[in-house]
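None of the figures in this text is laboratory data; all of them are computed from the coordinates on show. The structure displayed is predicted, hence computed values, not measured ones. Cβ coordinates were reconstructed from backbone atoms using ideal geometry, including for glycine residues, and neighbour counts include every protein chain displayed.
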Amino acid sequence: MSPSPRRSETLIDLRGGFPRAGLVQRQAALQGIARNTQAIWSVDFTQSLEHVVTSLLSIASPELEWTDLHSLPLTDRHAMVRAVWLLDGGGPARAEAECHECGEWVEFELDLRSIPVPGGCDVLTVHRNEEERACCLPTPLVTEAANDGVDVAAACLQCSREEAEPWVDAVEEALSQNDLLGEILLVGPCVSCGRTLQTEFDLKSAWAAWMRGIVRRLMADVHTLARNYHWSEDEILRIPEARRAVYLNFCDVEEPVEA
Ligand SMILES: [Zn+2]
């Protein structure tokens, strides 16, 4: 693979963090991954979305362990996904909405850089009536083990389901205010009738789909070369990218060899 002269890299602040030598490290260095097709190739995209995201983040942040990344608060993970997305030139959030008034489809876009990430520590204070409680930010370990919002609230408040039940709305409100990248809502007028429309953009799903697309294209290239040259998958993947592209060009201009 040809080395890129200047690797895109960024450093982001974390609300959670990683235990390192008795301290908590609250910064993570991230690099773009879209050109690292060999590494993306090794990701198992049949796993749950959070697992896929952790595996992709571990490519973007090779100094961090998979288990560290998987136990980070969702807010941090979403901030990391955005950072890598932007490093790779992912562009704005785009989503379509159908107007139920006139049937028009409208595409909205939003600059992901404009979405603030609230700072602070990884424990929030939630209020309900006169009471307040400490609330931890959820991690994938929490959401994957939860059956519903009550389970999430109980894990975040570190109490029983019974105790958490009346707090669910307060916890959900606090968490969504602290995780603006988790649910990105695009709002704007219908171009035909002016009605206000809204639609959601799921950053993590969009990122996973983009990376899965890169693997699919590489698979198509492997398929073409295997058909033409009868090389194994391993052999094809070991060919430097630039040379692979030249072979693919030959396959384009020549009659395909029948297997
Ligand atoms: Zn309309």
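Got the relative contact order for segment 123-177 handy, in percent, Cα pairs under 8 Å and 6 or more residues apart?
32
Please state the relative contact order of segment 1-113 as a whole percent: Cα pairs under 8 Å, 6+ residues apart?
Averaging sequence separation for qualifying contacts and normalising by length gives 22 percent for segment 1-113.
Zone of residue 209 (label point 7 Å along Cα→Cβ, backbone N under 20 Å): which residues in segment 103-145?
104-113
So, in nm, how far is label residue 115 from label residue 148 when the simple model puts each one 7 Å beyond its Cα toward the Cβ?
Calculated label separation equals 2.8 nm.
Using the Cβ atoms and a cut-off under 11 Å, what net charge is assigned to the surroundings of residue 51, where Lys and Arg are +1 and Asp and Glu are -1?
Net local charge, residue 51 excluded: -3.
Taking Cα centroids, how far is segment 40-64 from segment 165-198 in Å?
27
Do the sum for the chain: with -39,500 (n - 2.57) for every DSSP H run of n ≥ 4, divided by all residues, what is the mean residue ellipticity at 222 nm, to the nearest 500 deg cm²/dmol? Don't skip to the answer; put the middle values down first.
On the way: 11 runs with 111 residues, N = 259.
Theoretical 222 nm ellipticity from helices: -12500 deg cm²/dmol.
So if each residue of separation counts as 0.36 nm, and I subtract the Cα-Cα distance between residue 141 and residue 192, what length gain in nm does that give?
13.9 nm
Using the beta-carbon distance between residue 163 and residue 216 and R0 = 51 Å, what value does 1/(1 + (r/R0)^6) give for FRET efficiency, to the nearest 0.05?
E between residue 163 and residue 216, to the nearest 0.05, is 0.60.
Using a basic spin-label model with each label point 7 Å from the Cα along Cα→Cβ, how many nm lie between residue 38 and residue 104?
5.0
To the nearest 10 degrees, how steep is helix 74-87 against the longest Cα principal axis of the chain, on a 0 to 90 scale?
30
Between beta-carbons, use under 10 Å as the cut-off and find the net charge around residue 143, counting Lys and Arg +1, Asp and Glu -1. Let's see the in-between values first.
Working: positive: none; negative: 50, 144, 151.
Neighbour charge sum, excluding residue 143 itself: -3.
Under a GNM of the chain (C-alpha, springs under 10 Å), which listed residue has the highest mean-square fluctuation: 245, 93, 154?
245
Please sort by residue number the GluC sites (Glu not before Pro) in segment 95-176 whose DSSP state is loop and whose Cβ has at most 10 other Cβ atoms within 10 Å.
Filter output for segment 95-176: 130.
If you fit an axis through the alpha-carbon atoms of helix 203-229 and take the longest principal axis of the Cα set of the chain, what angle between them do you get, 0 to 90°, nearest 10?
So the inclination is approximately 20 degrees.
Quick check: Cα centre of segment 115-146 to Cα centre of segment 11-30, how many Å?
First find each Cα centre; the distance between them is then 18 Å.
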